[in-house]
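Beneath this line is the structure, given in structure tokens, with notes to follow.
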Amino acid sequence: MAPEIKRIVCIDDDKNILEVNKKLLEASGGYQVACYTSGFEGIKSIKAQKPDLVLLDMMMPVMDGAAVLKVLRNDSETSMIPVIFMTAQKTPTDVKKYMDMGALSVITKPIDIEDFPFQMEMLSKIILK
């Protein structure tokens, strides 16, 4: 049986979103969550920690989510780590673009705090498949 997802890196320039994500994930799923407010910090952590999953904001200053994902996918040590985009831009065209970039899924912001833990549980089952 595959190990459960336990380590998640969450990258978002909004500290409030990071705080909510961390609390929800740690309380509901027992996940270990490391949070970063910039793509550069997040990439450094991901390379060092090799998390089981990355939650990544799409729209960030300096280095957006697409740029972070490109760096991760171009590095043999991080290329297979599943990435889920979190974004307010979720038209069908946007979702297709994100999936074509290599994202596992897209979660709409603002998150539904009651549904978010369930979404993560369902996504973890897909990852472990």
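Here, each number is a calculation from the coordinates, and none is a lab measurement. Since this is a predicted model, take the numbers as computed values, not measurements. Counting neighbours? That spans all protein chains shown, and the Cβs are built from the backbone with ideal geometry, glycine included.
How would you rank THR87, THR108, going from fewest to most other Cβ atoms within 10 Å of each one's own Cβ? Walk me through the numbers before you get to the answer.
Values: THR87 19, THR108 15.
With the sparsest Cβ surroundings first, the list reads THR108, THR87.
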Self-check item: Cα convex hull of the range 43-88, projected area averaged across orientations, nm²
Solution: 3.0
Quiz item: Taking Cα pairs under 8 Å and at least six residues apart, what relative contact order does the chain come out at, in percent?
Solution: 24
Quiz item: Of LYS50/LYS70; LYS47/LYS70; LYS47/LYS90; LYS6/LYS97, which ones are farther than 20 Å apart at the Cα?
Solution: LYS47/LYS90; LYS6/LYS97
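From the convex hull of the Cα coordinates of the chain, what is the mean projected area in square nanometres? Don't jump to the answer; show the numbers that get you there.
Details: hull surface 29.5 nm².
With the hull built on Cα positions only, its mean projection is 7.4 nm².
Contact order normalised by length for the range 17-76, with contacts defined as Cα pairs under 8 Å and 6 or more residues apart; what percent is it?
Values: 31 pairs, mean separation 15.3, N = 60.
The value is 25 percent.
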